[in-house]
Amino acid sequence: MKLRGLRSKAWMVCVTALVSSAVGALTTARLIHLRHVRADSNRVFELNVYHAVPGKVPKLEDRFREASKLIAKHNLDVIAYWVPDSDPAYADTFVYIVAAPSREEMEKNWDSFHADPDFQKYRTAEKTEKLIEKVDSTYMRATDFSAIR
């Protein structure tokens, strides 16, 4: 009978230790997640809409395809590039969104990108063959209910 009582107490100690470990791990994970969300609260996005010379979006797409490696080199985190698929009103647009931890970081990275000697070939290419009529650019923040936050 005494042996059964000891086994029962040992079993309870193991279960208690296991439950305590699980609760501790879950609490730690939740706290880490909260710190990560707070750290991302200054995250900024830049929406860039390029209005291309009519019929030049495919060439602009090629230019960005090549420049994307240089953009990435300067820590400009492009979320995606888009071209219209069906609406003729937007046929001559090229759109992309860039993300950064803060607006200051974004501006620093853009300055670095524009100062890079390798960027100059894109300026020269634009002077040689004009593909861009106008660029609309705006900084944005994700709402608190956005998945991308």
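Taking Cβ atoms as reference points and 12 Å as the exclusive limit, the residues near ASN109 contribute a net charge of -4, counting Lys and Arg as +1 and Asp and Glu as -1. Put simply, the amide H of ASP77, placed in the peptide plane, has neighbours under 5 Å in ALA99, leaving out anything fewer than 5 places away on its chain.
What the Cα convex hull of the range 41-130 gives, in volume per residue, is 98 Å³.
Maximal additional length on extending the ALA67-VAL95 stretch stands at 8.6 nm, based on 0.36 nm per residue less the C-alpha distance.
Peptides 69-78, 133-142 ranked from most to least packed, by the mean per-residue count of other Cβ atoms within 10 Å: 69-78, 133-142.
Computed on the Cα trace of the range 46-98, the radius of gyration divided by the Kirkwood hydrodynamic radius gives Rg/Rh = 0.98.
Rule-based calculations on the coordinates, nothing more; no lab input. All of these numbers come straight from a predicted model, not from anything done at the bench. Positions of Cβ are generated from backbone atoms using ideal geometry, with glycine treated the same way; all protein chains shown enter the neighbour counts.
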